[in-house]
Amino acid sequence: MWLRVSLITARLLGIIFCLTLFVLALMMMKDGAGPLEPWIRGHFSVDTPASALGFGWLGSSLALSGSPVAATALSLLDAEVLNGAEAFAMIAGSRLGASFLLLIIGFIYIIRGQQQRLSMGVGLISLLVTQTIYPAVLLVGYILLGLSWLKPSYVTEREANALFDLVIEPLLLVLRAHIPPLGMLIVGFLLVLVTLWAFDRLIPAIRLKETDLGLVARVLYRPVIVFLLGAFVTTLTMSVSVSLGLLVPLSVRGYIRQENLIPYILGANITTFVDTLIAAALLNNPVAVTIVFVQMISVLIVTLVILVTSLRFYERVIHYMANWIAGNRLLLLIYILLILGIPIALLWIG
Amino acid sequence: MGVFLLCDGSASSETAARFFLLLNYPKSTQVTLFGIGQTVQNPSVSRTHFNKIRSILDQSFTQIDEVVIGGGVWDQLHNVISDPSIDLVVYGERPAYSALRHLRLSAPLSSKLERNLDKPLLVVRNLPSEALERVLVCTSGDQAAIPMLKKSAQLLSWAHPEITVLHVMSQVAFNITGSAQDLLDTAETAMQRGTREGLHLKAAMEILETSGAFQKIVPRLRHGLVLDEVLAEIRTQRTHLLVIGSHFRVQRGRFARILTADIARDLLGEVSCSVLIVS
């Protein structure tokens, strides 16, 4: 029993330590971004929502993860490098490139001779689900952000951040004295990557196998059930890919039915922003909180419309798109180039 | 054998009676005509209709009874059909046109029957122009499907149709580095390699072959979305009768019914051919 208590205590302390480092990382990025605003806006052409979308998209494709890029967007918003609409677009962009790594690895295996259709699987479907809903999410989000009654009225309790301020401010002072703004931005970003990785390891594993949902690889569940499962699991993991990874032990052969997978990803896409919401709260910036909240609500609205009105049609579209892309090497190459090319074009044109 | 034929006064009931004849059940089968939607106060409609149905079945069966009970259809059905001597319930229904079925305000009777009956249910939608030749049996690929297959073999054994046993794999692979060869298998290669699906198809064929009643039994393994692949197979084979199992029966746990999708109901709402639902 004492061992168990010790393990739980150690885990909790680890989470608090990671949170502190996470806040430090956000503050470092904010510190670094402020003086670099003209350079970011000029050099990267991040001066419109479209270019911010491209920046977030390209950033997450290269960073191989969406959460650090979303956290960066909040820091840039806090540093007033980005305005609200641009931050919203950059966070949306961070979702569009988040699963790019799976696509690249799958493509490498195809080049090495592995059966093409088999190499794509879950990764390609995850990307396609996200990419097909996000045009509607952006539209809904901008409409919601434009609503005057949605002006941020939420104010964080100063006391909640006082402890962090006590620890972080002195550290920041020291770091500012020794690291230039660009270094602060880069080190802060890397620190975000490390802390998010550490969070994944510290969060207790969910054992779905012991539940009635343990047959998700074979049995067809109701879409709403799998949707809620995806949303719930991702609330705890805060990452769609980690959340999907939890399903792997449920299948002896490493498969999952598409009819379970697609609603699961739809649910996961909503609560994957939990870590970004926490980051916004830790920044003590009500605008940031509102923007992340609107992002989540927009995804929820679009997802509910699909679930209620046209899930079967949507599953069919995703299924045929995935088969079409994965079944043809040239199409797959074009798809990969588009994933990199569209954000670059948005940066250039936007 | 005991068979209940639900008669609602429409031409669909007559079609159901004619379809039932195609199953070639023994003459000694106890057939009960159950009048639904009728009132005790107005039996004349049911009398004419019953006479018509009787005339269709008279030549083939010696024991034909009639039951008319007024009141709520479902309550009466429920009380009568729980009789253990009943082996099959037959119900004639017009095919649901795709564009209109979503506009229904309430579930059709066939859907309610599918959910709540614990007897095999034959929903007749149309009559084959020739004999009942092509039957598609869909299996979920797990142990729960074995009793369904045995029951199906028993119910269809007198008709001697060609049977296609279909399992649909809609899975995709998590692990991009794994071989996942199972996802490319045909029925033949799956049975040859002894995969989970292959072993199940083998077992299914053995069960059907043991009955000795079928002209031909063909295993089929399709890959894609379950509903789409079943519909595609029906179109390709020009299936006369679709046989499916149902997880949604009254004796199944409530929690399980909340969690699992009702594929039988989904297929019932999509296909235009007749459907035999076996629990």
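The helices (runs of 4 or more DSSP H) found entirely in segment A:167-267 that carry 3 or more residues being at pLDDT 80 or above and either of a type in the set (A, V, I, L, M) or in contact with a strand residue (DSSP E or B) (Cβ under 8 Å, 6 or more places away or on another chain) (or both) are A:181-202, A:223-237. Can you tell me which condition residue A:48 does not meet? The list is (1) away from chain B (no Cβ under 14 Å); (2) in contact with a Leu (Cβ under 8 Å, 6 or more places away or on another chain); (3) modelled with pLDDT of 75 or more, and all the others hold. Evaluating residue A:48 over (1) away from chain B (no Cβ under 14 Å); (2) in contact with a Leu (Cβ under 8 Å, 6 or more places away or on another chain); (3) modelled with pLDDT of 75 or more leaves (2) as the failure. Taking segment B:130-159 as the range and being among the small types (Gly, Ala, Ser) and more than 14 Å from the chain's Cα centre (by Cα) as the test, the residues that pass are B:131, B:140, B:141, B:144, B:157, B:159. Run down B:189, B:239 and say which single residue is part of a loop (DSSP other than H, G, I, E, B) and at pLDDT 90 or above. The match here is B:239. Condition check for residue B:256 on (1) farther than 17 Å from residue B:132 by Cβ; (2) at pLDDT 90 or above; (3) not charged (D, E, K, R): one failure, at (2). Looking only at segment B:141-157, residues that are assigned to a loop (DSSP other than H, G, I, E, B), more than 8 Å from every other protein chain (Cβ to nearest Cβ), surrounded by fewer than 16 Cβ atoms within 10 Å (Cβ to Cβ) and touching a residue at least 24 places away in the same chain (Cβ under 8 Å) come to 1 in all.
Could you tell me whether any residue of segment A:158-166 is in a helix (DSSP H, G or I) and at pLDDT 65 or above? Within segment A:158-166, one or more residues are in a helix (DSSP H, G or I) and at pLDDT 65 or above.
Looking only at segment B:163-186, residues that are modelled with pLDDT of 90 or more and more than 10 Å from chain A (Cβ to nearest Cβ) come to 6 in all.
The values are calculated or read from the model by the stated rules, or taken from the named source; none is laboratory data. Just so it is clear, the model here is predicted, and its values are computed rather than measured. A quick note on method: Cβ atoms are made from the backbone with ideal geometry, for glycine too, and the neighbour counts reach across all protein chains shown.
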